[in-house]
Amino acid sequence: MVINGFRIDSIIGEGGMGQVYLAIHEKINKRMAVKSLSPHLITKREEFKRRFYDEAKIQALLEHPNIIQITNFIEQDSNFYLFMEYVEGESLEDLINRKKRLSDDEAIRIIIDVLKGLQHAHELGVIHRDIKPSNIMITRDGIAKIMDFGIAMMLEDVQVAKGSAGTIQYMSPEQISQPKNINHRSDIYSIGIVLYQLLTGRIPFKGKTEEIKRGHIFTAPPPIQESIYSELNTIVMKAMSKDSDDRFNDCKTFIQTLEEYLNKTHMECPHKKV
């Protein structure tokens, strides 16, 4: 199949709404990633056309090196296609599956990249709402890029949100119980969960859906006992505070805190990889 001069080559990813393919331009060999709607959802084409289009509009606003870029939205042969920047690398989920857990240094540097992308989105009034390892790509140069703004919202639209949205293992307490109260710090909570997972090799709350929900709302996560640095545990727990007012005020403050921690630990142990 050829779409807008690009030949669909092979599937490189799959999600709830559709598949992602590698596409190669027939004349100049430029590579792109193309997201298409799953065939079984075509019967709801108008609803999902709107969702695809909303995703394209929101992500097109976000020009930042730590966010996957959307370049085009095309309707062809009764389906919809989002053209995106192609990233050679792997998802953070694949990296976790391969390494199980990361060093403090590697984990923090990845999270700082993600926070930089999120800070840009938040400054433009966009809340991602589904930050998780499978929605973060790591390039071959080790740069993290956020993708999949499929359920992202403009902050101004939060008050008309219908029900909770996101991935339960990474959802903030307010996303679960009070979706009209979500804000940019809801994404910070999700980032805290991801950082916790990178450092420990596990997510803080497991079990059936209702058990996970109760964990996010009522239960303090187990401390990061593997790390000898209690200060890092304090940072992660602040990001994962139950009350959004107790979290970092914004991504910029979170970044500064992590950078100060890295600088401090490198000064204390200049020859040791944290």
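The values are calculated or read from the model by the stated rules, or taken from the named source; none is laboratory data. Treat the numbers as computed from the prediction; the structure is a model and nothing was measured. Neighbour counts run over all protein chains shown; Cβ positions are idealised from the backbone, glycine included.
Laid out as a table, the results:
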item	result
Residues (touching a strand residue (DSSP E or B) at 6+ places or on another chain (Cβ under 9 Å) and of a type outside the set (A, V, I, L, M, F, W, C)) located in segment 55-77	Glu55, Lys57, Gln59, His64, Pro65, Asn66, Gln69, Thr71, Asn72, Glu75, Gln76, Asp77
Count of residues meeting criterion [modelled with pLDDT of 95 or more, outside any helix (DSSP H, G or I) and either hydroxyl-bearing (Ser, Thr, Tyr) or surrounded by 15 or more Cβ atoms within 10 Å (Cβ to Cβ) (or both)] in segment 220-245	3
Any hit, segment 57-67, residues being modelled with pLDDT of 85 or more and in a strand (DSSP E or B)	yes
Residue in segment 170-182 that is in contact with a strand residue (DSSP E or B) (Cβ under 9 Å, 6 or more places away or on another chain), touching a residue at least 40 places away in the same chain (Cβ under 8 Å) and closer than 23 Å to Ser241 by Cβ present	yes
Qualifying residue in segment 123-138 (condition: more than 16 Å from Gln197 (Cα to Cα) and in a helix (DSSP H, G or I))	yes
Residue list for segment 241-260, filter: free of Cβ contacts under 8 Å to residues at least 60 places away in the same chain and either over 16 Å from Ile182 (Cβ atoms) or of a type in the set (Phe, Trp, Tyr) (or both)	Thr253, Gln256, Thr257, Glu260
Any hit, segment 13-20, residues being exposed (fewer than 13 other Cβ atoms within 10 Å of the Cβ), outside the structural domain of Pro133 (by TED's automatic domain parsing) and among the β-branched types (Val, Ile, Thr)	no
Qualifying residue in segment 178-197 (condition: within 17 Å of the chain's Cα centre (by Cα), assigned to a loop (DSSP other than H, G, I, E, B) and more than 24 Å from Glu260 (Cα to Cα))	yes
Residue in segment 84-94 that is charged (D, E, K, R), under 30 Å from Thr200 (Cβ atoms) and assigned to a helix (DSSP H, G or I) present	yes
Set Ile151, Ile168: member being β-branched (Val, Ile, Thr) and closer than 19 Å to Arg50 by Cα	Ile151
Selection count, segment 102-122, where residues are in contact with a helix residue (DSSP H, G or I) (Cβ under 6 Å, 6 or more places away or on another chain) and outside any helix (DSSP H, G or I)	1
Test: residue in segment 94-115 that is in contact with a Cys (Cβ under 8 Å, 6 or more places away or on another chain) and touching a residue at least 24 places away in the same chain (Cβ under 8 Å)	yes
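Residue by residue, here is whether (1) charged (D, E, K, R); (2) within 20 Å of Phe205 (Cα to Cα); (3) modelled with pLDDT of 95 or more holds:
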{"position": "Lys99", "(1), (2), (3)": "yes, no, yes"}
{"position": "Ile108", "(1), (2), (3)": "no, no, yes"}
{"position": "Leu115", "(1), (2), (3)": "no, no, yes"}
{"position": "Arg129", "(1), (2), (3)": "yes, yes, no"}
{"position": "Met147", "(1), (2), (3)": "no, no, no"}
{"position": "Gly163", "(1), (2), (3)": "no, no, no"}
{"position": "Met171", "(1), (2), (3)": "no, yes, yes"}
{"position": "Ile188", "(1), (2), (3)": "no, yes, yes"}
